[in-house]
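The structure appears below as C-alpha cells.
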Amino acid sequence: MSSRWQGKCEACGAWNSIVEEAAAAPLPGGGSSTAARALGKGRIVVLEGLSGATDEAPRLVSGLGELDRVTGGGFVHGSVLLLGGEPGIGKSTLLLQASAALANAGHRVVYVSGEEAPAQVRMRAQRLGLHEAPVALAAETNVEDILATLKNGETPKLVIIDSIQTLWTGQVESAPGTVTQVRAAAQAMIRYAKTTGACVILVGHVTKDGQIAGPRVVEHMVDAVLSFEGDSGRDFRILRAQKNRFGPTDEIGVFAMTGDGLEEVTNPSALFLGDREPDAPGTAVLAGLEGSRPILVEIQALVVPTSLGTPRRAVVGWDGPRLAMVLAVLEARCGVRLGSHDVHLAVAGGMRVQEPAADLAVAAALVSSLMGTALPVDAVFFGEIGLTGAVRPVSHPGPRLREAARLGFTRAVLPAAAADAATDAGVSPIAVPALDALVARLAARADAQQGRIKGA
Ligand code: TYD
Ligand code: MG
C-alpha cells in the first residue's frame with residue numbers, strides 16, 4: 001500500500017509495479033443494512049453449530065469426462081471457478097462445449113461473451129456442430145447489465161463470463177482490464193453466485209510474462225482455479241486444477257484440439273509415447289502418476305561436452321533445482337562427472353512433470369546420453385532419489401506398473417519396495433536400492449554393446 005504515486009516499490013524493489021486503486025465503493029447487490037453500516041453499526045448474524053444440516057455439495061456434471069475429472073466430479077452449485085490460459089489456447093472452445101452439453105441436458109446456461117460478437121460465437125458453435133444447443137447467449141461487458149439480465153427470469157445453473165478482463169462496473173472509475181475493475185467485477189459475480197446458487201465460470205487470459213492484469217488478483221477470491229495449457233504448436237491441451245475447494249488439485253485432463261473442437265484423450269500415455277525413437281540414447285520412459293491416473297511419458301536428456309566456462313543446464317517440463325540435485329548426486333555418490341558437460345532435459349510432448357518419482361528416469365536418461373547407450377525399449381523407470389543416493393519408494397506403484405504392462409512394457413527399474421507390485425502387475429522388477437547400482441548396470445550395458453560393435 002502506498003498513499004502517493006511511486007515508481008519503485010519500497011518493499012520489493014520492483015519498478016512500475018504499483019497501480020492506482022480507487023477507494024472501495026459499495027457494490028451492486030450489496031448488504032441490506034447499508035443504512036446501519038453508514039452509522040457504523042453492524043448487523044447481528046446468526047451463529048451456527050458444526051453439526052447442522054449440510055447440503056451435500058451437489059454438482060453439475062458436464063459429461064466431458066476430462067473436465068469433470070479436473071473439477072472433482074462436476075461444477076459445484078454456487079461456486080465460482082476461474083479458467084486461466086494464454087489467448088488462443090482453447091478456453092472459449094472448451095466452455096462452449098461444456099455449455100452446450102449442459103444445455104442439452106436441460107440446464108439453463110448463459111454464456112456472456114465480452115470478447116466476441118454473438119455471430120462469432122455462433123460461428124464457432126456451428127463449426128463444433130453445437131448450434132442447436134439451447135445456450136442463452138449475450139455479448140455484454142457491463143456488470144450491472146449482466147446481473148440485471150441474469151436476475152430476469154429463471155436462475156441459470158451455469159453462467160460463463162468470457163472474459164473477466166473485459167468486464168467493467170460503473171461502481172469504480174478505472175478502465176476495464178485494470179486491477180480495480182477486474183477485482184470489483186469478480187466480486188460482484190462471486191456475490192451473485194453465492195446468493196443465487198448459480199455456478200459462475202470466469203475466463204481469464206494469462207500471458208507467459210504475466211503482463212495482463214487480472215487472473216492473479218482473482219485467484220484467491222474464487223473457489224477453484226483451473227489452467228488450460230499447451231503448446232500452440234501442438235494439438236493437445238492439458239487442463240490442470242491449481243486450486244480447488246471442492247476437489248483434488250493434482251488431477252489433469254487431456255484434450256486434443258481438432259478441426260471439430262476439443263476431443264477428450266482418454267489414453268494419454270499412448271499419446272505421449274506416440275513418436276518415441278526407442279533406440280535413441282538419452283531417453284527413458286517414466287511410469288508417472290498425475291492425480292489418480294498413471295501416465296507414461298518419455299524423459300529426454302542430451303549431455304554434451306560444453307564450450308562454455310559454466311556448463312549450461314536447461315530444463316523443459318521439469319524442475320530446474322530438482323535436476324541440479326540429481327546431477328549433484330550422480331557426481332558425489334556415483335562418480336559420474338558432468339561438470340564439463342552441458343545438460344539439456346525435456347519431458348517429451350510438452351508435458352509438465354512435477355513428482356519426485358521422476359528422479360530415477362531422469363538419472364537413467366542422463367547417464368544413457370552420457371554413455372551413448374540406449375536404454376532397453378521395454379523398460380519403465382520410477383523412484384525418488386535421496387541426497388545419499390538411495391532410491392526411495394514412491395506412492396501408488398501398482399497403477400503405474402499396470403499401465404506399463406498394458407502398454408507392452410515388460411521390465412521396470414524401481415525402488416526395492418515396489419518389486420512385489422511389479423510381479424503382481426506381470427512386469428519383471430529390476431530393483432535398484434541406490435543410484436550407483438543403476439549406474440553400474442548401465443556401464444555394464446554400454447561395455448557389452450561396445451564390445452559387440454568391436455567384435456563384429
Ligand atoms: P479459443 O477457444 O478461441 O481460445 P481462447 O478462448 O483460449 O482464446 O480457440 C482458439 C483456437 O482454437 C484457434 O486458433 C482456432 C482453434 N480451433 C480449432 O483448432 N478447432 C476448433 O474446432 C475451434 C473451435 C478452434
Ligand atoms: Mg476466447
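Could you check the range 433-456 and list, in sequence order, the residues that are among the hydrophobic types (A, V, I, L, M, F, W, C) and not in a helix (DSSP H, G or I)? Talk me through it step by step, then tell me what you get.
Here is the first cut: in the range 433-456, the residues among the hydrophobic types (A, V, I, L, M, F, W, C) are 434-435, 437-440, 442-444, 446, 448, 453, 456.
Those that are among the hydrophobic types (A, V, I, L, M, F, W, C) and not in a helix (DSSP H, G or I): ALA434, ALA456.
In the list GLY65, GLY31, GLY52, GLY40, which residue meets the criterion of being more than 21 Å from LEU167 (Cβ to Cβ), more than 16 Å from ligand 1 (Cβ to nearest atom), out of contact with any Cys (no Cβ under 9 Å at 6 or more places or on another chain) and at pLDDT 90 or above?
Numbers: GLY31 fails: at pLDDT 90 or above; GLY52 fails: at pLDDT 90 or above; GLY40 fails: at pLDDT 90 or above.
From the options GLY65, GLY31, GLY52, GLY40, the qualifying one is GLY65.
May I ask you to verify whether LEU262 is in contact with a helix residue (DSSP H, G or I) (Cβ under 6 Å, 6 or more places away or on another chain) and in the same structural domain as GLY247 (by TED's automatic domain parsing)? Walk me through how you get there before you give the answer.
Details: in contact with a helix residue (DSSP H, G or I) (Cβ under 6 Å, 6 or more places away or on another chain): yes; in the same structural domain as GLY247 (by TED's automatic domain parsing): yes.
Yes: the conditions hold for LEU262.
From GLY204, GLY210, grab the single residue that is within 16 Å of ligand 1 (Cβ to nearest atom) and either modelled with pLDDT of 95 or more or within 24 Å of the chain's Cα centre (by Cα) (or both). Even if it seems obvious, please write down each step before you answer.
Details: GLY210 fails: within 16 Å of ligand 1 (Cβ to nearest atom).
The unique qualifying residue is GLY204.
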Failed criterion for LEU96 (all others in (1) over 28 Å from the mean Cα position of the chain (by Cα); (2) within 14 Å of ligand 1 (Cβ to nearest atom) hold): (1)
So if I check each of ARG411, ARG400, ARG406, ARG441, which one is surrounded by fewer than 17 Cβ atoms within 10 Å (Cβ to Cβ) and closer than 16 Å to ALA287 by Cβ? ARG406
Here are the criteria: (1) of a type in the set (A, V, I, L, M); (2) within 29 Å of the chain's Cα centre (by Cα); (3) open to solvent by 30 Å² or more (accessible area, probe 1.4 Å). Tell me which single one LEU158 does not satisfy. (3)
Residues located in the range 325-341, provided they are open to solvent by 50 Å² or more (accessible area, probe 1.4 Å) and touching a strand residue (DSSP E or B) at 6+ places or on another chain (Cβ under 7 Å): SER340
Residues of the range 162-176 being within 24 Å of the chain's Cα centre (by Cα) and surrounded by fewer than 20 Cβ atoms within 10 Å (Cβ to Cβ), which ones? none
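With the condition kept exactly as written, say whether any residue in the range 183-200 is within 16 Å of ligand 2 (Cβ to nearest atom) and outside the structural domain of ARG352 (by TED's automatic domain parsing). Walk me through how you get there before you give the answer.
We begin by selecting, within the range 183-200, every residue within 16 Å of ligand 2 (Cβ to nearest atom); these are none.
Scanning the range 183-200 turns up no residue that is within 16 Å of ligand 2 (Cβ to nearest atom) and outside the structural domain of ARG352 (by TED's automatic domain parsing).
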Which one of these does ASP250 not meet: (1) under 30 Å from GLY78 (Cα atoms); (2) buried (at least 22 other Cβ atoms within 10 Å of the Cβ); (3) not aromatic (Phe, Trp, Tyr)? (2)
Within the range 155-177, can you find the residues that are more than 30 Å from LEU60 (Cβ to Cβ), touching a residue at least 24 places away in the same chain (Cβ under 8 Å) and in contact with a strand residue (DSSP E or B) (Cβ under 9 Å, 6 or more places away or on another chain)? GLY170, SER174
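It is to be established whether one or more residues within the range 178-188 are surrounded by fewer than 18 Cβ atoms within 10 Å (Cβ to Cβ) and within 16 Å of ligand 1 (Cβ to nearest atom). So that I can check it myself, show each step before the final result.
In the first step, residues of the range 178-188 are kept if they are surrounded by fewer than 18 Cβ atoms within 10 Å (Cβ to Cβ); the result is 179.
Still in the running and within 16 Å of ligand 1 (Cβ to nearest atom): none.
Checking the range 178-188: not a single residue is surrounded by fewer than 18 Cβ atoms within 10 Å (Cβ to Cβ) and within 16 Å of ligand 1 (Cβ to nearest atom).
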For GLY129, which of the numbered conditions (1) outside any helix (DSSP H, G or I); (2) open to solvent by less than 30 Å² (accessible area, probe 1.4 Å) fails to hold? (2)
Hey, GLU115 within 15 Å of ligand 1 (Cβ to nearest atom), acidic (Asp, Glu) and either touching a Pro at 6+ places or on another chain (Cβ under 6 Å) or in contact (Cβ under 8 Å) with a residue 40 or more places away in the chain (or both) or not: yes
Being over 23 Å from ILE161 (Cα atoms), of a type outside the set (S, T, N, Q) and open to solvent by less than 20 Å² (accessible area, probe 1.4 Å) is true for just one of PHE236, PHE272, PHE255, PHE228. Which residue is that? PHE272
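A quick yes/no check of all residues on (1) within 15 Å of ligand 1 (Cβ to nearest atom); (2) within 14 Å of ALA101 (Cα to Cα):
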| site | (1), (2) |
| --- | --- |
| GLN120 | yes, no |
| ARG124 | yes, no |
| ALA136 | no, yes |
| THR149 | no, no |
| GLY153 | no, no |
| ILE160 | yes, yes |
| THR166 | yes, no |
State yes or no: is GLY153 closer than 27 Å to GLY74 by Cβ and open to solvent by 50 Å² or more (accessible area, probe 1.4 Å)? yes
Within the range 342-390, can you find the residues that are in contact with a Gly (Cβ under 7 Å, 6 or more places away or on another chain), open to solvent by 10 Å² or more (accessible area, probe 1.4 Å) and hydroxyl-bearing (Ser, Thr, Tyr)? SER369
Any residue at all in the range 76-90 that's surrounded by fewer than 17 Cβ atoms within 10 Å (Cβ to Cβ), modelled with pLDDT under 95, more than 16 Å from ligand 2 (Cβ to nearest atom) and assigned to a loop (DSSP other than H, G, I, E, B)? no
So for the range 135-150 (the condition being in contact with a strand residue (DSSP E or B) (Cβ under 9 Å, 6 or more places away or on another chain), within 16 Å of ligand 2 (Cβ to nearest atom), open to solvent by less than 10 Å² (accessible area, probe 1.4 Å) and not in a loop (DSSP other than H, G, I, E, B)), does at least one residue qualify? no
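The values are calculated or read from the model by the stated rules, or taken from the named source; none is laboratory data. Here the structure is a predicted model, which means the values were calculated and not measured. When we count neighbours, we look across all protein chains shown, and the Cβ atoms used for this are built from the backbone with ideal geometry, even at glycine. The protein model used for the area step is the full one, side chains on, heavy atoms only, and it has no ligands, DNA or RNA in it. Shrake-Rupley method; radii C 1.70, N 1.55, O 1.52, S 1.80 Å.
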